[in-house]
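Coordinate-derived values only; no laboratory data. Model, not experiment: these values are computed from the prediction. Virtual Cβ from ideal backbone geometry, glycine too; neighbours counted across all protein chains shown.
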Amino acid sequence: QVHLVESGGGLVQTGGSLRLSCLHSEVTWSDPVTGWFRQAPGKDREYVGSTRWIEDSTHIADSVKGRFTIERDNAAVYLQMTSLKPEDTAVYYCAARSAAHGSWDDWGQGTQVTVSS
């Protein structure tokens, strides 16, 4: 089981930027994948993007493409968010799985991002 800790959320004005961090501990999979998700009040959880460590590849959801990017530095995965909009307000979660697994095995506790208009 991978332990994930997110940080970096907060309050930002429209058009601002934030960088969220997801620190992983005890990653034993040979081909890990980290994903970012968000959930706004009253809405379903939404996939934001993911990175596959072994390929150093990323995928970003169309809804945030061009504004959000994902980077990794060893056991830390970052979600860089720019040109933030009020509709980006949500609790952001990181999750991890082996590329061989279809389901996300481990989740962080979430970090709140609030974008004021």
Compactness of the chain, expressed as Rg and Dmax over alpha-carbon positions, Å: 13.5, 43
Top of Glu46, Glu87, Glu71 by mean-square fluctuation, Gaussian network on the chain, Cα under 10 Å: Glu87
Kirkwood Rh, angstrom, the stretch 22-87 [1 / mean 1/r, Cα pairs]: 12.8 Å
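Please work out how much length the chain gains when fully extended from His59 to Ala40, using 0.36 nm per residue of separation minus the C-alpha to C-alpha distance, in nm with one decimal.
On the way: separation 19, 0.36 × 19 = 6.84 nm, distance 2.10 nm.
Result: 4.7 nm gained on full extension.
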Inter-site label distance for Leu23 and Tyr47 at 7 Å from Cα along Cβ, in nm: 2.9 nm
Antiparallel DSSP beta bridges within the chain, as percent of all bridges there, nearest 5: 90 percent
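Just need the relative contact order of the chain here, percent rounded to a whole number, with Cα pairs under 8 Å and 6+ apart. Display every interim value, and only then the final one.
On the way: 291 pairs, mean separation 42.3, N = 117.
Here the relative contact order equals 36 percent.
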Contour minus Cα-Cα distance for His3 and Ser98 (0.36 nm per residue): 32.8 nm
